[in-house]
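Some notes on the structure that comes next.
The values are calculated or read from the model by the stated rules, or taken from the named source; none is laboratory data. Values in this document were obtained by computation on a predicted structure and should not be read as measured data. Here the Cβ positions follow ideal geometry from the backbone for every residue, glycine too, while neighbour counts run over all protein chains shown.
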Amino acid sequence: MRSAARRRRRLVDSIRQAGAIADPAWAAAFAQVPRHVFVPRFFVAEAGGWAAVAHQDPGWLATVYSDRVLVTQLDGDPGLWHVARRDGPVRGVPTCSSSMPSIMAIMLEELLVEDGNRVLEVGTGTGYNAALLCHRLGSANVSTVDIDDGLVRKARARLRSCDYHPACATCDGERGFPAHAPYDRVLCTCAVSRIPAAWLEQTVPGGFIVTTLNRPIGAGLVRVTVGTDGTAHGRVLPRDGRFMPLRAHRLADAQTLLAARGPDGNGPRETTLSIQAVLNPSSRFEFFAGLALPQVAPVYDADATYLLHPDGSWARHEAGHVTQGGPRALWDLLEEAHADWRSLGEPTRERFGLTVTPRDQRLWLDDPDGEHSWELTQPAR
């Protein structure tokens with residue numbers, strides 16, 4: 001398909017110009033692996049829901065080779081695409097997608113692979129990322145796992161149609177894939193609240209794990225070098241990436257959090273701290289804000305934004321005014337954190353690191369033995 005080949009070359013040019021890819025080997029993989037094979041249909045946001053798009057639709061190929069995320073499953077239900085195709089846009093929560101190619105390129109480059117490396121990918125999804133790994137390293141060096149058997153079967157078939165034959169397995173990615181361990185690299189295309197112990201056990205000492213932290217505010221890519229006896233040490237990466245959480249690491253959904261709100265507290269009152277500074281990924285403060293409010297999730301409601309914690313604490317921000325309630329005053333905590341952040345020199349994400357031991361996992365600022373550190377916790381359910 002000549003048109004697809006041209007569009008792949010344009011996509012590579014686009015993500016290279018955006019600074020997301022520099023390694024010629026990965027550029028070649030993106031130029032050769034046909035993304036359209038792995039996303040023959042998907043959803044696009046439309047009219048407050050999700051509309052179904054198929055390969056015969058006008059603009060399908062252009063969308064496939066744009067630098068955008070393509071949602072391929074809602075609510076873990078493969079039948080919803082057919083419902084949307086028949087009846088029009090449906091509502092649902094994305095549970096599988098083909099990530100933005102630029103984000104995929106960033107993660108693949110940060111993996112720092114070398115020829116002959118054995119890689120475990122956690123989160124097969126459509127299979128497109130596994131295909132890129134196979135193109136770069138050879139199928140014999142790639143294993144990929146997903147908890148959704150339907151996704152694995154489809155991905156395996158699509159990979160084979162492109163003559164890629166990695167080990168594909170249906171299993172809980174939190175447990176890794178011991179059958180093909182050890183690995184030189186582990187790449188998780190889902191977000192995790194903590195680095196699973198199985199990944200450390202299945203990675204050779206000196207090997208790398210690249211994943212995304214499952215933090216509703218201040219998520220970020222991390223790369224850790226695996227040590228011995230369940231340890232690892234690394235950094236938060238300056239280039240950002242956001243992924244859906246590993247299913248075992250999901251947080252409470254928005255409606256559950258809204259229903260759990262505690263009683264009204266004080267407010268409304270004026271605030272000079274903007275909601276964009278707290279939630280916008282391009283904000284220098286956002287990563288630090290997530291340290292101050294772990295497990296707090298944003299929920300958008302008309303002109304207002306809620307910040308909600310499973311313990312019932314909440315804050316409502318609208319037009320420069322905030323109301324808060326429940327057991328903790330979340331916005332007060334944010335304002336205190338913003339003052340702390342400024343006193344520390346307004347640190348951005350690349351000044352933070354991560355240390356993993358069998359006892360705990362901690363983010364730290366500048367120095368792992370310094371005075372500023374924060375424990376990563378499992379999500380409250």
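Some observations on this one:
- Test result for residue 204, among the aliphatic types (A, V, I, L, M) and either surrounded by fewer than 17 Cβ atoms within 10 Å (Cβ to Cβ) or part of a helix (DSSP H, G or I) (or both): yes
- When the range 234-285 is limited to residues that are basic (Lys, Arg) and either modelled with pLDDT of 90 or more or exposed (fewer than 14 other Cβ atoms within 10 Å of the Cβ) (or both), the one that is farthest from residue 308 (Cα to Cα) turns out to be 235.
- Residue that is among the hydrophobic types (A, V, I, L, M, F, W, C) and at positive phi, where the choices are 5, 47, 22: 47
- Restricting attention to the range 207-248, the residues being closer than 29 Å to residue 76 by Cβ and part of a strand (DSSP E or B) number 9.
- Within the range 211-233, the residues that satisfy the criterion of being surrounded by fewer than 19 Cβ atoms within 10 Å (Cβ to Cβ) and touching a residue at least 40 places away in the same chain (Cβ under 8 Å) are 229, 230, 231, 233.
- Within the range 142-169, the residues that satisfy the criterion of being farther than 22 Å from residue 81 by Cα, out of contact with any Phe, Trp or Tyr (no Cβ under 9 Å at 6 or more places or on another chain) and not basic (Lys, Arg) are 161, 163, 164, 165, 166, 168.
- The set of residues in the range 135-188 that are among the polar types (S, T, N, Q) and either crowded, with 23+ Cβ neighbours inside 10 Å or assigned to a helix (DSSP H, G or I) (or both) comprises 139, 141, 143, 144, 161.
- Picking from residues in the range 261-302 that are farther than 30 Å from residue 241 by Cβ and of a type in the set (Lys, Arg), the one that is farthest from the chain's Cα centre (by Cα) is 269.
- Counting only helices (runs of 4 or more DSSP H) that fall entirely inside the range 7-65 and contain at least 1 residues that are over 27 Å from residue 112 (Cα atoms) and more than 24 Å from the chain's Cα centre (by Cα), the qualifying elements are 60-64.
- Matching residues in the range 313-344 - criterion: being assigned to a loop (DSSP other than H, G, I, E, B) and either at pLDDT 95 or above or of a type in the set (A, V, I, L, M, F, W, C) (or both): 319, 329, 344
- Count - residues of the range 65-92 that are aromatic (Phe, Trp, Tyr) and under 13 Å from residue 150 (Cβ atoms): 1
- Within the range 346-366, residues that are of a type in the set (S, T, N, Q) reach partners that are in a strand (DSSP E or B) with beta carbons closer than 6 Å, at six or more positions or on different chains, in the pairs 355/233; 355/362.
- Extreme residue, surrounded by the fewest Cβ atoms within 10 Å (Cβ to Cβ), among residues of the range 66-112 that are assigned to a loop (DSSP other than H, G, I, E, B) and small (Gly, Ala, Ser): 79
- Selected residue [surrounded by fewer than 18 Cβ atoms within 10 Å (Cβ to Cβ) and either in a helix (DSSP H, G or I) or out of contact with any strand residue (DSSP E or B) (no Cβ under 7 Å at 6 or more places or on another chain) (or both)] from 294, 347, 368, 310: 310
- The residues of the range 118-134 that are assigned to a loop (DSSP other than H, G, I, E, B) and of a type outside the set (Val, Ile, Thr), listed by number, are 118, 123, 125, 127.
- If you filter the range 171-207 down to residues that are among the small types (Gly, Ala, Ser) and in contact with a Leu (Cβ under 8 Å, 6 or more places away or on another chain), you find that the one that is nearest to residue 137 (Cα to Cα) is 181.
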